[in-house]
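Trainee: One structure is given below, represented as structure tokens, and several questions about it will come after.
Each reported figure results from applying straightforward, stated rules to the coordinates on display, with no laboratory input. Because the structure is a prediction, the values reported are computed rather than measured. Glycine also receives a Cβ, built like all others from the backbone with ideal geometry; neighbour counts cover every protein chain displayed.
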Amino acid sequence: MEAVVASKPVIKVAAICGSLRKASYNRGLIRTALELTKESIAGIQMEYIDISPLPMLDTDLEVDGKFPPAVEAFRQKILEADSILIASPEYNYSLTAPLKNALDWASRPPNVWADKAAAIVSAGGGFGGARSHYHLRQVGVFLDLHFINKPEFYLNAFQPPAKFDSDGNLIDEDSKERMKQVLLSLQAFTLRLQPKN
């Protein structure tokens, strides 16, 4: 008799980029994550969620308990996800305004971030965006968003050899392998957090 190998349940991951630039290195990290989940990681269904349509947070836009359509659509995507992957560039030692805006909209009651696993990746100069991770983790405490601790992923995008091509696509194989390890850790942590039947 052949042994039956149990497959992992499929988890849904919402991928968000804190940069709005199309050729952003951080968006390149998200593209790499999407490729990896299609080609070499079973059990992850990932969707990129564009935060650029979100208006700046203004509670006057909440009318009769309803949010603007772009906000409603974004909140629904987060609610349906099992976990979150955030590419967080570092602006002035912190996270970006568009990312903070997205976090705040989805935290409006009811908070749709609550009890989800999450991972942070970043690329940039100097420390590769690492300082944004600490502020994002602080915000996550209030949102009840549970970030994986290891492995950490921040990449100095400007240190030779080239890590990205001119379109912002990740071309460094070592970094792709590091990204794969982040995704596997996120997958394992998400499954640990899910209620047992």
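Trainee: Which residues, counting only those in the range 145-177, are under 15 Å from the mean Cα position of the chain (by Cα) and surrounded by 12 or more Cβ atoms within 10 Å (Cβ to Cβ)?
Mentor: Passing the criteria: L145, H146, F147, I148, P151, E152, F153, Y154.
Trainee: Sort through E80, E90 and tell me the only one that's in contact with a helix residue (DSSP H, G or I) (Cβ under 7 Å, 6 or more places away or on another chain), acidic (D, E), in contact (Cβ under 8 Å) with a residue 12 or more places away in the chain and within 24 Å of L34 (Cα to Cα). Write out each step before concluding.
Mentor: Working: E80 fails: in contact with a helix residue (DSSP H, G or I) (Cβ under 7 Å, 6 or more places away or on another chain).
One residue alone meets the criteria, E90.
Trainee: If you don't mind, there's one more thing I want to ask. Right, A42: part of a strand (DSSP E or B) and closer than 30 Å to N149 by Cβ or not? Steps first, answer last, please.
Mentor: Numbers: part of a strand (DSSP E or B): no; closer than 30 Å to N149 by Cβ: yes.
So A42 fails the test.
Trainee: Is it true that some residue in the range 47-60 is under 13 Å from the mean Cα position of the chain (by Cα) and acidic (D, E)?
Mentor: Checking the range 47-60: at least one residue is under 13 Å from the mean Cα position of the chain (by Cα) and acidic (D, E).
Trainee: Considering the range 112-151 alone, what residues qualify as being assigned to a strand (DSSP E or B) and either farther than 20 Å from L79 by Cβ or of a type outside the set (A, V, I, L, M) (or both)?
Mentor: Residues of the range 112-151 assigned to a strand (DSSP E or B): 116-124, 145-147.
Of everything in the range 112-151, those that are assigned to a strand (DSSP E or B) and either farther than 20 Å from L79 by Cβ or of a type outside the set (A, V, I, L, M) (or both) turn out to be K116, I120, V121, S122, A123, G124, H146, F147.
Trainee: Consider D167 against the criteria (1) in a loop (DSSP other than H, G, I, E, B); (2) free of Cβ contacts under 8 Å to residues at least 60 places away in the same chain: it satisfies all of them except one. Which criterion is unmet?
Mentor: (2)
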